[in-house]
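Below is one structure; the comments refer to it alone.
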Amino acid sequence: MALSVAGGRMNDVPIHVARTGLVGRERQLADLREAYATARGGEPVIVLVGGEAGIGKTRLTEEFVAEVVADGARAVVGQSVPLDGEGPAFAPLVGALRGLHAEFGAQQLLELAGPGADALAGLVPELGVAPAEGPEGRGRLYEVVTSLLERVAAERPLVVLLEDLQWADSPTRDLLRFMVRGVRDSRLLILATYRSDELHRGHPLRPLLAELDRLRQVHRIELPRLDPDEVVLQLRGLLGRPPEHAHVQRIIQRSEGIPFFVEELAWVDVDGGCSELPGSLRDLLLVRVEPLSEDTQRLLRLMSAAGNRVDHSVLEIVAEEHSGALEAALREAVSAGVIVVDGDGYAFRHALLREALHDDMLPGEHARMHARYAQALEAHPELMPSSPTATEVAHHWYSAHDVERAFAWSLTAADELVRSYAHATAQQLLERALELWDQVAEPEKVAGRDRLDVFIRAATEAYAAGEFERTLSLVKEALRLVDRTADPARAGWLLAHQGSVKSRLGRPGAVESLMEARELIPAEPSVQRAEALDWLATMLMLDWRFAECLQVADEAEQVAAAVGLERIVASAHVTRGTAWVHMGDADKALAELRLAGPTASAEPDHLHRYFVNLSDAYTLLGRYREAVDVATEGYEHARKRGRKRTSGVVLAGNAAEPMLALGDWERAERMIERGLELVPPPNHERHMIGLKAWLELWRGEVDAAAAAVERLRAGMTRRVLLPQDSRLVARLDADVALVQGDAERAWTAVTTEVGGRIDAAVPGYDLPLAFAGAQALGARIRAAGGTAGLTGDIAWLRALTEHTASGWPVDLWPALVDAELAGLGGNDAAAWDHALGVLEAAEGPVHLIPYAGYRLGRALVEAGDRDGALTALRAAAAAADALGAGLFRGWVDELSQRAHLPLVAGVPSPRVTPSGLTAREHEVLRLVAQGRSNREIGEALFISSKTASVHVSNILAKLGASGRGEAAAIAHRDGLLDTAAS
C-alpha cells in the first residue's frame with residue numbers, strides 16, 4: 001500500500017481515522033514533533049517506532065503525518081507485505097517512491113534522482129527499463145534512492161513513513177541501512193514502525209535495529225500499553241459517555257491496555273450486549289466477523305490470503321462471484337468495520353484482523369484460496385501492471401502446496417527479482433527451488449539447467465547481496481556435488497569463488513582455493529579462467545607474494561585479451577603496477593598503473609580500483625598532492641555515476657591520508673568520519689580507523705588513540721589480515737606506546753611485525769615502521785643508560801633501513817632513522833638539523849616538522865646552545881600551532897619551561913602563562929569567555945565542534961577549572977584574554 005501526502009492533501013489512499021482522539025501518547029507525539037523540528041532544520045533524523053500488535057503505532061504515525069502535512073511538509077508512506085518474507089522486493093520503499101511518482105511524474109522524478117536515475121526503474125517499472133548491471137547495480141540503486149530523497153527534501157521537509165518493518169525483505173533492510181547512514185544535510189525524517197513482539201531472537205530485523213541504535217541520528221520510540229486511566233479515556237471517547245465501572249473493569253482486565261483490543265472489546269461489550277467475553281484474543285477479533293453472512297466470511301478469508309490489501313480487479317476474478325453478490329458481501333464487510341475502501345481496492349482495518357482470518361482457515365481451504373490467487377495472477381498479469389507478479393505467484397503456489405508450479409515460478413521470480421536488484425530475495429527463491437528439486441518430476445527440464453547450476457546461481461545472488469557467509473555455505477555444498485574430474489571447469493570456478501569470498505571474510509585458505517582453481521580450470525582461454533587468474537593475481541599481490549603475482553597477472557592478461565575481456569587486461573596493469581610500487585620500482589610502477597586508465601574509463605565499475613591503487617601509490621611515494629588529486633578525480637567519477645556513497649567513500653578515505661600528510665587535517669577528519677559512518681569494506685574501515693587514531697594522537701587525545709589500537713587488535717584475532725593492514729596496526733600501536741612511555745612495547749610491535757624477513761620488506765610500509773622502531777630503540781637505550789645488550793637490535797634496524805631504502809625515492813624516513821640513532825655516539829643536533837631540512841623540503845608528513853624541531857631543540861639544549869635551541873623550539877611551536885598538533889606543542893612547552901626558554905612573541909612564555917595554553921587554546925578560551933558554544937567556536941575558527949570540545953577540555957584541565965564559567969573568570973583574572981588577542 002502506498003500513500004502520498006503532499007501540501008496538506010492526501011492522494012491515492014485515504015487514511016482511516018479512529019473514532020477517538022489520541023489517548024496516552026502525548027510524550028511520544030512530542031518526541032516525534034521534536035524529531036521533525038530537527039529534520040526541518042536541515043539535519044536528517046530517523047525514528048524507529050516499536051510496539052506490540054494493536055498498540056497504536058499506525059494511529060500515532062497517522063496523527064503525526066497529518067500534523068506535519070498541515071505544517072507544509074510532504075509525506076509518503078510505504079507498507080511492508082505480510083507474505084512470509086516473499087512479498088514484492090523493497091515493498092515499503094516502492095510504495096513511498098510511487099507516492100513521489102504520483103506527485104512529480106516520471107520525467108521530473110528522474111531529474112530529481114540525478115546520476116544513475118535509470119536504476120529506479122528496477123523498483124518503479126513506469127520509469128523505464130533498469131540497466132542490467134549485476135551486483136554493482138544494487139549499490140547504485142541505493143545511492144539513487146538516497147539522493148532522490150535528499151533532493152525532494154531540499155524543496156520542503158519530507159517525511160517517509162515505512163510501516164511494519166518486521167515483514168520487510170532483506171533488500172529493504174539493506175537499503176534502509178544504507179539510507180540511514182548515507183543521507184545528510186537534508187530536511188528528511190524517516191519514520192519506520194515495527195512489531196516488537198514478533199522480533200524473536202533469530203528475527204532478521206533485530207541486528208539492524210541494534211546497529212541503527214548506535215547512530216546519533218537514530219531515535220527509538222517504544223509505545224507502552226495504556227494504564228487504567230487512559231483506558232477509561234479511550235472508552236469514554238468510543239462510547240460518547242462515561243462508561244460504567246463494571247464495564248471498565250472487564251475491559252481493563254481483558255484488553256491489558258492494548259488500544260486496539262480496548263476498541264474491539266468496547267464494540268463487543270457495549271450496553272451489556274455480551275454477557276460472556278470471548279475466550280481468546282483471536283476469538284475476540286473474529287467476534288466482529290461472526291455476525292456476517294457466510295458468503296461475506298468466506299470472502300474475507302479469501303481476501304486474507306492476499307495480504308493486508310487486495311485490488312478490486314484481482315478480487316473480482318479470484319472470488320468467482322457475480323458482481324452483485326461480490327458487492328453485497330463487500331458492502332457488508334465495510335459496514336461492519338472489518339475492511340476499508342483503499343483506493344482501487346480494499347484493506348483490512350487492522351493487520352491483526354487479517355491474521356486471525358488467515359489462521360482460521362482449514363488446511364484444505366488455505367491451499368484452495370492461495371491457488372485461486374496464483375491462477376488469477378498467472379492468467380492475468382495485466383491485473384498488476386505496475387508491479388512484478390512472479391514472486392507473488394510463486395508464494396501462492398507454494399502456499400497451495402503445488403510443488404511443480406511453485407518450483408517453476410520460484411525460478412521465474414528469481415530472474416524477476418534480479419532485475420529489481422533484490423539479490424537476497426532471489427537467492428531465497430533459488431534455495432526454495434533447490435528444496436523442491438527432488439519433489440519435481442523433471443526438474444532439469446523445467447529449470448533448463450542441472451541442480452549444480454542452480455546452486456551456482458544461488459551462490460552468485462548471495463554474493464551480489466553481500467551475504468558472504470551464506471555464499472560460502474552454498475559454494476561448499478556445490479563443491480560437494482561437483483565431480484572435479486568430469487567437470488573441472490565448474491569445479492574450478494567454484495573454488496575461485498570460494499577463494500574470493502574467503503578473502504572478503506578474512507578467512508584462511510583464500511589463495512590456496514584460487515591456486516587449486518587455476519589448476520582445475522582448463523588451460524584454453526575462457527571467461528572463467530581469466531576471472532580466476534585475475535582474482536588470484538590480486539590476492540597474491542595483496543599477500544605480498546610479488547614474484548608469483550607478476551607471473552599470474554601476465555597469464556591473466558593473455559587469457560583476457562584472447563577472450564576480449566578488456567576490464568581484466570586493465571586489472572592486470574593495476575595489479576602489476578601496484579606490485580612494482582611495493583617492490584620499490586616507482587617509475588616502472590606508475591607507468592604501468594597509468595596504462596589501465598583508458599580501459600578502466602570504458603569499464604566504469606573497474607575505474608574504482610584504478611583510482612584507489614594509483615592514489616595509494618602516490619601516497620606511498622610521498623607525492624601527496626598528486627595522491628589527493630587522483631583520489632578526488634576518482635570521487636568525481638563515482639559521484640557522476642551515482643556511487644559517491646559506496647565506491648566514492650573509499651576514494652574519499654584514500655584522499656584523507658595524503659591530506660593528513662599535507663596538514664589539511666580538518667578536511668581529512670570530515671572525510672574519515674563520513675567514511676566510517678557509511679561502514680566501508682573491512683580493510684578500508686581499518687585504514688580509516690587508523691588514520692583517525694593518528695590524528696587523535698597528534699592532537700594529544702592519547703586515550704582515544706589507544707582505544708582505537710585495542711579495537712584494531714581485537715579485530716585481528718577474528719580475521720586473517722593482509723600485510724598492509726597488519727603493518728598499519730603495528731605502526732599505530734608503536735606510536736601510541738611511545739607516547740605512553742612504553743618503549744619496549746613499541747619495539748615489540750615493530751619487530752614482531754617485520755620478523756626476520758628483512759629481504760621481503762616493502763619500502764612504502766616498512767620504512768615508516770623502521771622510524772617507529774628507531775624511536776623505540778633510542779628510548780630503550782636512554783633508559784638503559786647505554787647500548788650494552790642492544791647492539792644486535794641496532795644492527796637489525798640499520799640493516800632493515802638500508803635494505804628497504806635502497807633505490808626508494810623517498811629519503812625522509814632514512815634521515816629520520818639516522819637522526820634517532822645518531823645520538824648513540826654523541827650529540828645528535830646535526831642529524832636532526834639535516835632531518836628537519838629534508839622534512840621541510842618534502843611535501844609531508846608535515847606533523848613530523850614540529851617533532852623534528854622539538855628533537856633538534858632538545859639536542860641543542862643538551863649541547864648548551866641555548867640561542868639555537870630557542871630558535872628551534874619557537875619554530876616547532878609555531879608549526880605545531882599551525883597544525884593543531886597539541887601532542888608536540890605540549891612537548892615543546894614542557895621542554896621550554898624546563899630549560900627556562902621563553903617562546904616566540906604572541907605565544908605566552910611560562911612566566912606569563914603558567915597554564916601553558918597553546919595559541920589555538922587561547923583563541924578558544926577567548927570565545928569561551930564570550931559565552932560561545934562548541935558549535936559556534938568551531939564555526940568561528942573553521943574547526944569541527946568535536947575539535948572545539950577537545951580544546952575546551954584541555955583548557956579546563958590546564959587551568960584547573962571545573963567549568964566554562966570558572967575558566968572565563970580565571971582568564972580575566974590572569975590577563976590571558978589580553979595575551980590571546982596580542
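Throughout, read-outs are computed from the coordinates displayed, never taken from laboratory work. Since we're looking at a predicted model, the values are computed, not measured. Backbone-built Cβ (ideal geometry, glycine too); neighbour counts: all protein chains shown.
Each label point was placed 7 Å from the Cα along the Cα-to-Cβ direction; for Thr485 and Glu244 their separation is 8.7 nm. Calculate how steeply helix 604-620 sits against the longest principal axis of the alpha-carbon atoms of the chain, using the helix alpha-carbon long axis, and give the answer as 0 to 90 degrees to the nearest 10. Its long axis makes an angle of about 20 degrees.
Compare the Cα positions of Ala617, Leu925, Thr412 along the charge dipole of the chain (+1 at Cβ of Lys, Arg; -1 at Cβ of Asp, Glu; about the Cα centre) and return the one farthest towards the positive end. Ranked along the dipole, the leading option is Leu925. If you line up the long axis of helix 26-40 against the longest principal axis of the chain, both from Cα atoms, how many degrees apart are they, to the nearest 10? Taking Cα atoms only, the helix is inclined about 50 degrees. Lys-Lys pairs in the chain that are eight or more residues apart or on separate chains and whose Cα atoms lie under 29 Å of each other come to 10. The helix-based estimate of mean residue ellipticity at 222 nm for the chain, built from -39,500 (n - 2.57) per DSSP H run of four or more residues and divided by its residue count, is -21000 deg cm²/dmol to the nearest 500.
In this calculation the C-beta distance from Ala760 to Glu512 is compared with R0 = 22 Å, giving a FRET efficiency of 0.65.
Given a Förster distance of 30 angstrom, what is the FRET efficiency for Glu840 paired with Arg711, based on the Cβ-Cβ distance and rounded to 0.05? Between Glu840 and Arg711 the formula returns 0.30. Taking 0.692 mPa s as the viscosity and 37 °C as the temperature, the Stokes-Einstein diffusion coefficient of segment 2-222 based on its alpha-carbon Kirkwood radius rounds to 188 µm²/s.
Placing pseudo-labels 7 Å out from each Cα toward the beta carbon at Val446 and Asp703 gives an inter-label distance of 6.4 nm. Using R0 = 45 Å, the C-beta based FRET efficiency linking His380 and Arg935 works out to 0.15.
Between Glu966 and Ala154, residue separation times 0.36 nm minus the direct Cα-Cα distance comes to 288.1 nm. With labels modelled as points extended 7 Å from the Cα through the Cβ direction, what inter-label distance (nm, one decimal) is found for Ala523 paired with Leu362? For the pair Ala523/Leu362, the computed spacing is 7.0 nm. For the chain, the spherically averaged projection of the C-alpha convex hull amounts to 46.4 nm².
Net charge of the neighbourhood of Val762, taken over other residues with C-beta under 14 Å away and scored Lys/Arg +1, Asp/Glu -1, is -3.
Ranked by the mean number of other Cβ atoms within 10 Å of their residues, highest first, the peptides 240-251, 776-787, 447-458 fall in the order 447-458, 776-787, 240-251. Over the chain, Cα pairs under 8 Å with separation of 6+ residues give a relative contact order of 7 percent.
Would you mind ranking Lys476, Lys692, Lys445 by Cβ crowding within 10 Å, fewest neighbours first? Write down the numbers at each step before the final one.
Numbers: Lys476 13, Lys692 21, Lys445 8.
Ordered by Cβ neighbours within 10 Å, fewest first: Lys445, Lys476, Lys692.
What you get for segment 2-222, charging only the Cβ of Lys and Arg (+1) and of Asp and Glu (-1), is a dipole of about 480 debye around the Cα centre. Seen from His573, the other residues with C-beta closer than 9 Å to its C-beta sum to a net charge of 0, counting Lys and Arg as +1 and Asp and Glu as -1.
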